[in-house]
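Below is one structure; the comments refer to it alone.
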Amino acid sequence: MATLVVYYSRSGSTKTVAAALARGVGGTLRELVDTNARTNLVVAAIAALFRRSARLVGPDYDVAGYETVVIMTPIWVGNPTPAANTFLRTVDLTGKKVLIVALGESGENLGTSSRLEKMARDRGGQVIGVHHIHGLNSSGKAGPSATAEELQGQAQHLADVLREPHSQES
């Protein structure tokens, strides 16, 4: 089963999980690089809130050689990142199994899950699961933050899920 792991990461937690997952399933890793570094958290949050797209550096939307596509994005103010929006609005997922992984400071976000699922299905994907991972706390607010070891463990769990036939875990 050829697997492509597509991700956007600003602070590093999504990259950590994506890299470990790709290693765990022997998959290909593809980073979405936003031309805007999104260093201003307020401006980044506003872009996510209004569900904007991003201009990507060297965008590659070709998923033809893969059976499964994993799409990983941080969640900003309850929404996917502009880079993930761009990918999901452009890629042709027809006939692909799609696993969506959302990382956020607050854990599960059902509204975001529904939007991500709909975006993937609208592009022809068969969504086999949506997973939420508690990521790094990068906002500076008090609250729990995942460790690198916890993120690696989450990636191993996702690799196990992908190895299970017809997984439908949320």
(Q) I'd like the full set of residues that are at pLDDT 95 or above and in contact with an Asp or Glu (Cβ under 6 Å, 6 or more places away or on another chain), limited to segment 125-146. (A) 127
Q. Out of all the residues in segment 78-96, which are surrounded by 16 or more Cβ atoms within 10 Å (Cβ to Cβ) and either at pLDDT below 95 or not hydroxyl-bearing (Ser, Thr, Tyr) (or both)?
A. 79, 80, 81, 82, 83, 84, 85, 87, 88, 91, 93, 96
**Q.** Those residues of segment 40-57 which are surrounded by 13 or more Cβ atoms within 10 Å (Cβ to Cβ) and of a type in the set (S, T, N, Q), in sequence order
**A.** 53
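The values are calculated or read from the model by the stated rules, or taken from the named source; none is laboratory data. Please read these numbers as outputs of a predicted model, since none were measured by experiment. Virtual Cβ from ideal backbone geometry, glycine too; neighbours counted across all protein chains shown.
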